[in-house]
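See below for the structure under consideration.
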Amino acid sequence: MPAKGPVQDSVALEFERRAQKMKEKLTGEEVPEVLTRETWMTELPPELQHIGLGARTFKKRSGPENKDRSIWTDTPADRERKARERLEGKKTGEAKKDEVPHVSQKEMEMAEKVSKYN
């Protein structure tokens with residue numbers, strides 16, 4: 001059956017929508033979209049627990065793993081901050097190396113006794 005009114009072509013509508021979007025972008029009227037990721041994309045998956053599937057072997061390591069797993073969720077700003085902290089830690093470590101270690105009186109007495117007996 002023929003249409004009773006004007007037919008709206010989806011291709012023409014899409015073309016007009018893209019043209020309007022480009023015009024807004026060029027004139028500066030564009031509203032920037034705030035991109036956010038869902039939590040399942042930004043959080044680590046839970047550790048898989050043994051559910052009885054897979055090869056049967058003894059546990060390779062005992063105890064929980066205490067690794068730094070933040071590399072999965074760090075933003076570039078976090079990475080830069082951690083790099084600065086590492087550099088600052090190295091600088092303070094160099095200053096500590098230059099200092100002469102303080103030897104207590106008790107340690108001096110023990111060193112004398114050891115040298116006397118050897």
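Relative to the current alpha-carbon distance between Leu26 and Lys90, full extension at 0.36 nm per residue lengthens the span by 18.2 nm.
By how many nm would the segment from Lys106 to Ala12 grow when fully extended, if each residue of separation counts as 0.36 nm and the alpha-carbon distance is taken off?
Numbers: separation 94, 0.36 × 94 = 33.84 nm, distance 9.09 nm.
Length gained between Lys106 and Ala12: 24.8 nm.
For the stretch 68-83, backbone phi angles converted through the Karplus equation (6.51, -1.76, 1.60; θ = phi - 60°) give residue-by-residue couplings of 7, 9, 6, 4, 6, 10, 5, 8, x, 5, 5, 5, 5, 4, 5, 5 Hz, Gly and Pro being listed as x.
Throughout, read-outs are computed from the coordinates displayed, never taken from laboratory work. Worth saying up front: this structure is predicted, and the values here are computed from it rather than measured.
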